[in-house]
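The values are calculated or read from the model by the stated rules, or taken from the named source; none is laboratory data. Quick caveat, the model's predicted, so the values are computed rather than measured. When we count neighbours, we look across all protein chains shown, and the Cβ atoms used for this are built from the backbone with ideal geometry, even at glycine. Heads up: the accessible areas ignore ligands, DNA and RNA and are worked out on the full protein's heavy atoms, side chains in. Shrake-Rupley method; radii C 1.70, N 1.55, O 1.52, S 1.80 Å.
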Amino acid sequence: MTRAQFVMTPEQSCREAFVEASSFLEKCGVYEPQNNARLLLEHVLGVYGAAYYMMQPDPFPSELRSRWEDAVTRKAAGEPAQYIIGSQEFYGLPFEVTPAVLIPRPETELLVEAVLREADRVFPGGTPLAVDIGTGSGAIAVTIASQRPRWQVGAGDISAAALQVAARNAAANGVQIDFREGDLLAPFAGVRVDILVSNPPYIPAADIAGLQPEVRDHEPRTALDGGPDGLAPYRVMLEQLALLPAPPQVIGFELGQGQARDIAALLESAGHWPEIIIVPDLAGIERHVLGVRTSEQVTKM
């Protein structure tokens with residue numbers, strides 16, 4: 001990708017500044033240049049939604065010129081806009097994001113919805129412990145805690161830097177979460193976990209080189225690399241269930257395209273969940289797999 005310095009033409013309207021930056025980013029090969037230019041301009045101007053569009057005819061503030069040039073230059077070099085801005089919305093909540101964490105994706109919201117739905121069925125009115133493994137920014141854990149304030153919520157990650165970001169996000173969103181550092185389920189050994197949810201690394205190692213440069217060169221590799229076939233973290237987590245007093249009654253995974261049937265087979269062969277549910281994303285891709293065991297099914301097993 002071209003690494004070029006963006007220099008803004010002086011005395012422009014905000015609309016003209018947007019058009020100029022969009023054209024510059026497109027020439028630099030940036031994916032979705034207009035969307036990225038809008039995100040960055042909203043951030044630099046500090047206005048969003050209707051206020052942003054109302055400001056389009058206004059002169060671009062000269063005191064913001066250097067910030068604008070820096071933001072567009074960084075984007076042209078391939079840095080994700082969310083890292084430049086420092087935040088990403090997830091499930092209607094604001095989340096700080098840094099290069100230490102994976103940027104939350106909209107499809108993961110569907111995993112949260114599916115886990116909440118199935119857990120409400122299994123634990124109606126209860127106070128289960130839900131644990132998010134590989135929490136990263138804390139998006140899943142914080143969202144669950146905000147949506148189900150009666151629940152206990154824990155979260156783990158192998159990265160201390162990621163846990164620091166997640167802890168700040170929990171505090172900013174006013175929720176209490178038990179954060180633990182370690183490899184997958186290891187930090188929760190001996191803890192009775194009722195609900196286990198995870199969006200682990202699932203990209204086959206050989207495929208990482210072919211990812212979009214924004215992802216490949218900027219997002220943490222430990223949050224991307226799922227081993228030779230992308231399924232290594234799932235296998236390890238299922239093996240680590242032996243560390244817990246009992247398998248969770250609800251388990252939910254996010255996964256990559258084409259992996260759903262393999263993950264479903266792993267859950268079936270584990271023998272802990274009579275119900276295996278596959279949830280597609282908005283594009284129809286089988287994106288999430290859940291295992292469910294109700295209280296009635298517990299007594300029968």
note = Counting only protein heavy atoms and leaving out ligands, DNA and RNA, the solvent-accessible surface of Glu107 at a 1.4 Å probe, in Å² to the nearest 10, equals 50 Å²
query = Can you give the accessible area of Asp157, probe radius 1.4 Å, in Å² rounded to 10?
reply = 20 Å²
inquiry  = From the phi angles alone, apply the Karplus equation (6.51, -1.76, 1.60; θ = phi - 60°) to segment 139-144 and give each ³J(HN,Hα) in whole Hz, x where the residue is Gly or Pro.
reply    = 4, 5, 4, 5, 5, 4
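All other residues with a Cβ under 15 Å from the Cβ of Arg15 taken together, and with Lys, Arg as +1 and Asp, Glu as -1, what is their net charge? Intermediate values should be presented prior to the final figure.
Working: positive: Arg38; negative: Glu11, Glu16, Glu20, Glu42, Asp58.
After counting each charged neighbour, the total is -4.
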request  = Please list Leu243, Leu39 in order of solvent-accessible area, largest first, computed with a 1.4 Å probe with all protein chains present.
outcome  = Leu243, Leu39
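Given a Förster distance of 30 angstrom, what is the FRET efficiency for Gln5 paired with Glu63, based on the Cβ-Cβ distance and rounded to 0.05?
That gives a FRET efficiency of 0.90.
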request  = May I ask you to rank Asp281, Asp262 by accessible area, largest first, using a 1.4 Å probe over the protein chains only?
outcome  = Asp262, Asp281
key: Structure-based [θ]222 nm, the chain - -39500 (n - 2.57) summed over DSSP H runs of at least 4, per residue, nearest 500   = -11500 deg cm²/dmol
remark   = the chain accessible area per residue, 1.4 Å probe, protein heavy atoms, integer Å², reads 45 Å²
inquiry  = How many angstrom lie between the Cα centre of segment 108-177 and the Cα centre of segment 9-29?
reply    = 40 Å
message = If amide hydrogens are placed 1.01 Å from N in the peptide plane, which non-local residues have theirs closer than 5 Å to the one on Val131?
response = Gly154, Ile195, Leu196, Val197
query = Between Rg and the Kirkwood Rh of segment 248-288, both from Cα atoms, what is the Rg to Rh ratio?
reply = 0.97
query = What residue among Pro57, Pro248, Pro149 has the largest mean-square fluctuation in a Gaussian network model of the chain, using Cα springs under 10 Å?
reply = Pro57
Phi to ³J(HN,Hα) by Karplus 6.51 cos²θ - 1.76 cosθ + 1.60 over segment 69-77, Hz, x for Gly, Pro = 4, 5, 5, 5, 5, 5, 5, 5, 7
request  = Would you please calculate the Kirkwood hydrodynamic radius of segment 67-116 over all C-alpha pairs and express it in Å, rounded to one decimal?
outcome  = 12.2 Å
note = Averaged over all viewing directions, the convex hull of the alpha carbons in the chain casts a projected area in nm² of 16.3 nm²
note = Here the longest stretch of the chain that holds no trypsin sites (Lys or Arg not before Pro) in a DSSP loop having at most 15 other beta carbon atoms within 10 Å is 4-149
query = Which percent of the accessible heavy-atom area of the chain goes to carbon and sulfur, probe 1.4 angstrom?
reply = 52 percent
inquiry  = Step by step: find N for segment 10-126, compute 2.2 N^0.38 Å, then divide the Cα radius of gyration by it. What's the final number?
reply    = 1.34
